[in-house]
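What follows is a short report on a single structure.
The values are calculated or read from the model by the stated rules, or taken from the named source; none is laboratory data. As the structure is a prediction and not an experimental result, all values here were calculated from the model. Using ideal geometry, Cβ is built from the backbone for each residue, glycine included, and neighbour counts are taken over all protein chains shown.
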């Protein structure tokens, strides 16, 4: 049975993570029952127990045990009773927090027998092995592109399925939800009502503030199952995963060149449009990228070091 598609439930990133934890717990629940069966117990009896299903009343999903159903139900309720005392991240089941704690302890008990790379959990090494086997079991039914992970396929599918019905009357950008458009409009109004308590920097949306504050606290909670690199935000993780998948979903309308990140597409399109929005305050020269402007502005300054009674001090002089 497919995941909650029949009733068209759209899971958030948090809910998707919960669902994966639920699926993983289902696997270990069955494995633990296999181990507890006595050697004399018949295989047919074990199979009959596994076949017994428990139905979720929220989405109709069939689970193999009552415990698995309990974990799955937390996808809908959002309940996460197990909290990490190191970073505050919460989980739906005890086993998930045990695996998570290895991020903090550095423990990596699973080793790849092909290349020797070590991993914190069994799922990570299973996904990693597909690099060696070149297995890509998750295929897009729209374009035939294949992926090593189901999460990468889900991210890819938004290219085909995402409807954008709410256009911005200021810049023409479209959004799939009215709430996303409302948040976007703050960019044009320059409204930034959410301030950081660490550095007083302000943001137009509360999620941007939360992402920013993690840079102060050092909390990194999104892990790539291909290489186990950890990221502060889910957006950074998705961008990183394209290194492994080779996916370049952003296509130039002028020359068909494709890019893995939308900002790279925007930079590229300025080659065609000739747009140079970044202007030097010293000589009025314009540039298509902010980093190019910064490099240029250094040509207007020179750094000199002078000896003093307490050591040496560097002073930046402007050139005119």
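Here are a few things to note about the model shown:
- Residues that are at pLDDT 80 or above and either over 23 Å from residue 226 (Cα atoms) or assigned to a loop (DSSP other than H, G, I, E, B) (or both), drawn from the range 139-170: 140, 141, 142, 143, 144, 145, 148, 149, 167, 168, 169
- The test for being in a loop (DSSP other than H, G, I, E, B), over 28 Å from residue 214 (Cα atoms) and out of contact with any helix residue (DSSP H, G or I) (no Cβ under 7 Å at 6 or more places or on another chain) does not hold for residue 107.
- Selection count, the range 60-89, where residues are over 30 Å from residue 215 (Cβ atoms) and either assigned to a strand (DSSP E or B) or not assigned by TED's automatic domain parsing to the domain that holds residue 103 (or both): 2
Results for (1) touching a residue at least 24 places away in the same chain (Cβ under 8 Å); (2) out of contact with any strand residue (DSSP E or B) (no Cβ under 6 Å at 6 or more places or on another chain), shown as yes or no for each residue.
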site	(1), (2)
194	no, no
197	no, yes
202	no, no
205	no, yes
209	no, no
214	no, yes
223	yes, no
226	yes, yes
230	yes, no
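- Condition check for residue 100 on (1) over 28 Å from residue 216 (Cβ atoms); (2) surrounded by 19 or more Cβ atoms within 10 Å (Cβ to Cβ): one failure, at (1).
Condition check ((1) touching a helix residue (DSSP H, G or I) at 6+ places or on another chain (Cβ under 9 Å); (2) at pLDDT below 50) across all residues:
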site: 13; (1), (2): yes, yes
site: 40; (1), (2): no, yes
site: 89; (1), (2): yes, no
site: 95; (1), (2): yes, no
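- Residue list for the range 272-299, filter: in contact with a strand residue (DSSP E or B) (Cβ under 6 Å, 6 or more places away or on another chain), part of a helix (DSSP H, G or I) and surrounded by fewer than 14 Cβ atoms within 10 Å (Cβ to Cβ): 290
- Criterion (out of contact with any helix residue (DSSP H, G or I) (no Cβ under 6 Å at 6 or more places or on another chain), in a helix (DSSP H, G or I) and without any contact (Cβ under 8 Å) to a residue 40 or more places away in the chain) met by exactly one of 182, 136: 182
- The residues of the range 227-246 that are more than 13 Å from the chain's Cα centre (by Cα) and crowded, with 18+ Cβ neighbours inside 10 Å, listed by number, are 244, 245.
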